[in-house]
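Participant: Have a look at this one before I ask anything.
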Amino acid sequence: MKEMRYDTCVVGGGAAGISAAISAAKNGARVLLVESTSVLGGDLLSGLPIDGCLTTAGEWIVGGVLTELLEGCEKLDGYIGAIYDRRNIWVVMVSPAVMGYVVLQKLAEHGVDILPYTQVTDVKVEGGHIASLLAKNKTEQILITADTYIDCTGDGDISYMCGVPYEMGGADGELQPMTMVFHIRGVDPKRLLAFALEHPENCGLGENPNIKKTPRELAQELYDLGIPKLFFSSKGPLLKGAIERGELNTSMLAFNPNAKDGSVLTVNTTRQSGKDCLSGEALGETMLSLTEQVKSAFLFIKNNIPGCEKAVFDGIAPRLGVRETRRIKGEYYLTGEEVAEGTKRTDGVAKGGHEIDVHGAGTNHIRKTIKDAGAYDIPFGCLLPLGVDNLLMAGRCISADRVAHSSARVMGTCIAMGEAVGLAAAIGKEMGIPARKVDVQTLRERLKKQGAKV
Ligand SMILES: Cc1cc2nc3c(=O)[nH]c(=O)nc-3n(C[C@H](O)[C@H](O)[C@H](O)COP(=O)(O)OP(=O)(O)OC[C@H]3O[C@@H](n4cnc5c(N)ncnc54)[C@H](O)[C@@H]3O)c2cc1C
């Protein structure tokens with residue numbers, strides 16, 4: 001068996017994991033990032049908007065590593081910008097292909113070692129301390145040792161293997177649906193936006209009760225902007241009819257622009273509910289069955305949405321979208337009330353600002369704005385799994401109730417959390433103390449210094 005020794009080992013290379021790895025490495029730690037696929041950046045490569053970077057009021061609440069990634073995209077003409085959707089949220093749009101390159105470029109620049117195509121399959125825990133991880137790939141079994149381990153697996157695999165308690169789903173075990181995201185190109189954005197202007201009732205515009213403009217005024221603003229960031233609601237006649245006729249199975253259809261001219265869109269609409277999102281078999285069945293929904297959604301768009309008549313199917317996102325699995329119990333448990341209230345805390349190490357956003361089966365979908373269009377703080381304790389002294393976590397597995405999770409799971413917030421734990425690992429190394437014992441105020445000061453928002 002091969003042995004590898006690092007200061008920090010980050011497991012999982014999604015939005016949270018790449019940020020944790022970059023943040024630890026840029027602060028002097030020797031970092032290994034282990035990822036079971038070859039997709040470094042996770043859903044940053046899906047074409048979906050990066051949510052949670054700005055509040056509903058348009059204030060940036062994530063900086064640091066996110067800024068570095070966006071500047072990297074901008075240099076390569078792959079940054080489309082921050083866009084207010086006139087429904088409720090600000091989103092950040094990039095070219096996913098450019099972002100995929102920039103993620104690798106930044107990992108290289110900061111000296112992160114990566115182990116793609118490698119899965120962590122076991123942990124050795126001794127007295128509440130991880131002694132080592134066991135990882136496997138095609139040719140090797142690898143024993144990894146590190147001072148600090150960071151669980152960014154989305155599913156909380158490492159914490160789960162360590163026996164940390166967790167929660168999953170609602171009271172009835174319901175999980176948010178899985179989605180196969182797809183892309184279209186050859187869209188005529190002017191015609192599409194003119195359609196939204198003629199029929200704003202379809203587009204969820206002004207869903208936030210604090211928006212004082214009419215849907216038509218908001219549609220006009222989007223038309224003038226020229227970028228088709230559109231959200232078709234299941235309450236509008238267009239989608240309602242399609243759902244009733246059985247042409248679509250969804251609570252919404254979101255268009256997300258991936259090119260500056262608005263001609264390339266990523267579509268978020270398909271749904272598979274009621275499956276075990278951790279089972280390989282169920283994931284496989286879902287991947288196959290959602291191909292039919294992708295086909296009918298594409299045909300629906302082409303046949304019913306002006307501006308999309310000449311659209312060409314441009315393939316699917318690199319991976320199946322899983323919204324919700326384990327929520328690992330940590331030293332602090334963030335609640336939906338705290339998120340809704342935009343609660344500020346002195347031990348906050350990342351900020352969340354995305355709406356409460358629980359997708360359900362069929363047309364069920366809970367969306368709720370944060371109070372005063374503000375942001376809430378994520379305490380360091382949410383990133384500290386219970387009972388394992390050298391393990392931290394970030395991303396969609398953090399310690400929160402289901403409602404809080406529905407907001408904190410978005411990519412901008414995952415990047416911010418990753419940055420915090422990566423830096424904590426590096427400071428722990430510097431000071432010769434466990435990362436979770438790093439003084440929160442010191443961590444906050446250092447986060448500010450590297451451009452993060454706390
Ligand atoms: C359909 C869909 C639409 C969404 N829409 C948006 C949106 O519009 N905007 C937004 O901001 N967010 C959106 N989200 C949420 C967001 O994309 C995710 O919650 C977020 O990207 C999670 O990031 P993460 O790093 O925590 O986890 P992940 O991206 O899941 O990364 C975890 C990584 O860990 C790896 N891994 C897992 N287990 C192991 C192991 N044992 N060993 C090695 N590697 C392992 C996985 O391969 C994966 O790459 C959406 C999610 C879905 C599913």
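Participant: If you take the square roots of the eigenvalues of the alpha-carbon gyration tensor of segment 208-261 and sort them as a ≥ b ≥ c, do you get rounded (a/c under 1.5), prolate (a/b over b/c) or oblate?
Facilitator: Because a/c hits 1.5 or more and a/b fails to exceed b/c, segment 208-261 counts as oblate.
Participant: Moving to a separate point now. Tell me, what is the FRET efficiency for THR214 and LYS138 to the nearest 0.05, using R0 = 41 angstrom and their Cβ-Cβ distance as r? Intermediate values should be presented prior to the final figure.
Facilitator: Values: r = 58 Å, r/R0 = 1.42.
The calculated FRET efficiency here is 0.10.
Participant: I've got another one for you. Only four residue types carry charge here, +1 at the Cβ of Lys and Arg and -1 at the Cβ of Asp and Glu. Report the dipole size of the chain about the Cα centre in Debye, rounded to the nearest 20.
Facilitator: Charge dipole, the chain, about its Cα centre: 520 debye, nearest 20.
Participant: While we're on this one: Is the chain rounded, prolate or oblate when judged by the Cα gyration tensor, a ≥ b ≥ c being the square roots of its eigenvalues, rounded requiring a/c under 1.5 and prolate requiring a/b larger than b/c?
Facilitator: Prolate is the answer for the chain, as a/c is 1.5 or above and a/b outweighs b/c.
Participant: If you count, for each residue, the other Cβ atoms within 10 Å and average over each peptide, how do 126-134, 341-349 line up from highest to lowest?
Facilitator: Numbers: 126-134: 14.8, 341-349: 17.0.
So the peptides 126-134, 341-349, ranked by packing, come out 341-349, 126-134.
Participant: Same structure again: Relative contact order, percent, of the chain when contacts are C-alpha pairs under 8 Å separated by at least 6 residues?
Facilitator: For the chain, the relative contact order is 23 percent.
Participant: Which listed residue (ASN137, VAL294, ASN390) has the Cα farthest towards the positive end of the charge dipole for the chain, taking +1 on Lys and Arg C-beta and -1 on Asp and Glu C-beta about the Cα centre?
Facilitator: The residue sitting farthest along the positive end of the dipole is VAL294.
Participant: Okay, moving on. Of GLY81, LEU45, ASN27, which is farthest on the positive side of the dipole of segment 1-114, counting Cα position, with +1 on Lys and Arg Cβ, -1 on Asp and Glu Cβ, and the Cα centre as origin?
Facilitator: Going by the Cα projections, it comes out as ASN27.
Participant: Now for a separate question. Relative contact order for segment 111-209: what is it in percent, counting Cα pairs under 8 Å that are at least 6 residues apart?
Facilitator: Taking the mean separation of contacting Cα pairs over the length of segment 111-209, I get 15 percent.
Participant: Same structure, new question: Tell me, ASP224, ASP188 in order of fewest to most beta-carbon neighbours within 10 Å? Don't skip to the answer; put the middle values down first.
Facilitator: Numbers: ASP224 9, ASP188 18.
Ranked by crowding around the Cβ, least crowded first: ASP224, ASP188.
Participant: Under 14 Å from the Cβ of ARG191, count the other residues' Cβ atoms, weight Lys and Arg +1, Asp and Glu -1, and hand me the total.
Facilitator: -1
Participant: I've got another one for you. Toward the positive end of the charge dipole of the chain, about the Cα centre and with charges on Cβ (Lys, Arg +1; Asp, Glu -1), which of ILE328, ALA196, VAL123 goes farthest?
Facilitator: Positive-most Cα among the choices belongs to ALA196.
Participant: Let's see if you can work this out: charge +1 on each Lys and Arg Cβ, -1 on each Asp and Glu Cβ, no other charges. What is the dipole magnitude of segment 182-316 about its Cα centre, in debye to the nearest 20?
Facilitator: 240 debye
Participant: For ASP357, ASP172, what's the fewest-to-most ordering of other Cβ within 10 Å of each Cβ?
Facilitator: Listing ASP357, ASP172 from fewest to most nearby Cβ atoms yields ASP172, ASP357.
Participant: How high is the relative contact order of segment 168-313, in percent, with contacts defined as C-alpha pairs under 8 Å that are six or more residues apart?
Facilitator: 33 percent
Participant: Around GLY12, under 11 Å between beta carbons, what's the net of Lys plus Arg minus Asp minus Glu among the other residues?
Facilitator: Within the 11 Å Cβ shell, the charges total -3.
Participant: If a/c stays under 1.5 just call it rounded; otherwise compare a/b with b/c (prolate if a/b is bigger, oblate if not). Do that for segment 182-316, with a ≥ b ≥ c from the square roots of the Cα gyration tensor eigenvalues.
Facilitator: Verdict is prolate for segment 182-316.
Participant: What number comes out for the charge environment of LEU230, summing +1 per Lys or Arg and -1 per Asp or Glu over other residues with Cβ under 10 Å away?
Facilitator: Charge balance in the 10 Å sphere: +2.
Participant: Summing -39500 (n - 2.57) over the DSSP H runs of n ≥ 4 in the chain and dividing by its residue number, what mean residue ellipticity at 222 nm do you reach, to the nearest 500 deg cm²/dmol?
Facilitator: -9500 deg cm²/dmol
Participant: Now for a separate question. Over 25 Å between C-alpha atoms is what I'm after, so list which of LYS124/LYS329; LYS124/LYS449; LYS260/LYS368; LYS136/LYS329 land there.
Facilitator: Distance filter (> 25 Å) returns LYS124/LYS449; LYS260/LYS368; LYS136/LYS329.
Participant: Then there's this: Could you sort 231-237, 64-70, 173-179 so that the peptide with the highest average Cβ count within 10 Å comes first and the rest follow in order?
Facilitator: Numbers: 231-237: 18.9, 64-70: 24.1, 173-179: 20.9.
Highest-to-lowest ranking by the protection proxy: 64-70, 173-179, 231-237.
Participant: By counting other Cβ atoms within 10 Å of each Cβ, how are PHE255, PHE300, PHE195 ranked from fewest to most? Could you put the intermediate results ahead of the total?
Facilitator: Numbers: PHE255 26, PHE300 19, PHE195 23.
Ordered by Cβ neighbours within 10 Å, fewest first: PHE300, PHE195, PHE255.
Participant: If each residue of separation counts as 0.36 nm, what is the full-extension length gain between ALA282 and LEU76 once their alpha-carbon separation is subtracted?
Facilitator: Details: separation 206, 0.36 × 206 = 74.16 nm, distance 3.85 nm.
Gain on extension, ALA282 to LEU76, equals 70.3 nm.
Participant: Once both axes come from the Cα atoms, what is the angle between helix 411-431 and the longest principal axis of the chain, in degrees from 0 to 90, rounded to 10?
Facilitator: Helix 411-431 and the main axis of the chain meet at about 10 degrees.
Participant: Let me ask you something else. How much FRET efficiency would the formula 1/(1 + (r/R0)^6) give for GLU244 and LEU104, where r is the Cβ-Cβ distance and R0 is 60 Å, rounded to 0.05? Don't jump to the answer; show the numbers that get you there.
Facilitator: Details: r = 45 Å, r/R0 = 0.75.
The pair GLU244/LEU104 has a calculated efficiency of 0.85.
Participant: Okay, moving on. Going highest first, how would you order 366-373, 242-249, 22-29 by mean Cβ packing within 10 Å?
Facilitator: 22-29, 366-373, 242-249
Quick note: the coordinates plus some simple rules give every number you see, no bench work behind them. Because the structure is predicted, anything quoted here is derived from the model rather than measured. Positions of Cβ are generated from backbone atoms using ideal geometry, with glycine treated the same way; all protein chains shown enter the neighbour counts.
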